[in-house]
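Here's the structure we're looking at; comments come further down.
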């Protein structure tokens with residue numbers, strides 16, 4: 001049995017030192033949370049799983065050392081700098097097998113250790129930025145609004161069984177095809193004063209400043225090329241889900257300001273896009289939805305607490 005004084009290694013598994021392990025229903029919940037987000041910080045797992053923080057952290061440690069969860073080594077840089085940092089978790093092969101067995105979760109919805117080993121720091125940071133954003137909506141989303149995950153949103157026709165069901169392509173004015181795949185898709189449902197339930201869809205694009213906002217050569221990738229593609233799709237009936245907003249998520253307030261200016265310069269409709277800064281990521285769903293104009297007025301950008 002592990003002594004109270006013994007400190008387990010953070011990034012090397014030691015099941016003997018971790019102690020005996022019996023899989024519980026709480027562990028299945030934890031695995032499901034990690035699978036949903038690909039990579040997620042321990043602090044969010046604690047909040048989403050509920051219960052005692054120390055108990056959840058203890059289960060996370062056991063799940064790691066017994067090969068149900070992984071701690072991607074790309075995060076080692078942060079821990080070598082010293083100080084206190086949340087550990088980032090991903091799914092390990094044994095955890096994927098357990099989800100398949102107990103919940104019949106398809107393997108194509110899961111990424112596990114063999115893929116985690118090859119990821120780099122930038123990919124990890126990008127994925128965790130998205131999981132921070134989604135976990136914020138789940139933990140702090142507006143009261144009276146129901147969070148709807150991508151699994152419960154109707155898939156585009158013909159892509160129901162695809163590994164990337166939320167993938168859209170459209171022809172541009174120059175005849176070339178442009179494709180977008182959001183980092184995350186979710187929705188909020190709100191009940192209106194007249195009793196109607198209205199769903200607003202959100203397509204999340206996380207921006208870490210690695211892609212130019214604009215390019216003189218429109219054939220090259222840029223943030224604005226992506227946003228123009230979303231605009232074209234929004235003009236094509238039946239392409240995007242109804243009542244759709246594109247959320248631009250960034251760690252840089254200046255970067256968001258520059259994107260807002262580029263949207264205005266390009267003449268794209270502001271109502272289609274919402275800006276979310278890392279320090280304030282809570283989305284406020286619309287109070288009521290009618291025309292696009294009404295939705296534009298009543299769906300504010302991310303509000304500062």
With the first residue restricted to segment 87-103 and required to be surrounded by fewer than 20 Cβ atoms within 10 Å (Cβ to Cβ), and the second required to be in a helix (DSSP H, G or I), Cβ contacts under 6 Å at 6 or more apart or on different chains are 93/113; 102/28
Looking only at segment 113-128, filter to residues that are at pLDDT 85 or above and either touching a strand residue (DSSP E or B) at 6+ places or on another chain (Cβ under 7 Å) or surrounded by 17 or more Cβ atoms within 10 Å (Cβ to Cβ) (or both); which one of those is farthest from residue 250 (Cα to Cα)?
124
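This table checks each residue for (1) surrounded by 17 or more Cβ atoms within 10 Å (Cβ to Cβ); (2) within 19 Å of the chain's Cα centre (by Cα).
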{"site": "206", "(1), (2)": "yes, yes"}
{"site": "209", "(1), (2)": "no, yes"}
{"site": "221", "(1), (2)": "no, no"}
{"site": "226", "(1), (2)": "yes, yes"}
{"site": "236", "(1), (2)": "no, no"}
{"site": "240", "(1), (2)": "yes, yes"}
Being modelled with pLDDT of 95 or more, closer than 18 Å to residue 209 by Cβ and in contact with a helix residue (DSSP H, G or I) (Cβ under 7 Å, 6 or more places away or on another chain) is true for just one of 249, 245. Which residue is that?
249
Residue selected from segment 78-95 under the condition part of a helix (DSSP H, G or I) and at pLDDT 90 or above, by the criterion nearest to residue 44 (Cα to Cα):
95
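Residue-wise test of (1) touching a residue at least 12 places away in the same chain (Cβ under 8 Å); (2) outside any strand (DSSP E or B); (3) under 22 Å from residue 48 (Cβ atoms).
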site	(1), (2), (3)
139	yes, yes, yes
155	no, yes, no
163	yes, yes, no
173	no, yes, no
182	yes, yes, yes
185	yes, no, yes
190	yes, no, yes
206	yes, no, yes
212	no, yes, no
Can you tell me which residue is surrounded by the fewest Cβ atoms within 10 Å (Cβ to Cβ) among those in segment 59-77 that are at pLDDT 95 or above and in a helix (DSSP H, G or I)?
61
Could you tell me how many of the residues in segment 181-210 are more than 23 Å from residue 135 (Cα to Cα) and modelled with pLDDT of 95 or more?
0
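The values are calculated or read from the model by the stated rules, or taken from the named source; none is laboratory data. Since we're looking at a predicted model, the values are computed, not measured. Positions of Cβ are generated from backbone atoms using ideal geometry, with glycine treated the same way; all protein chains shown enter the neighbour counts.
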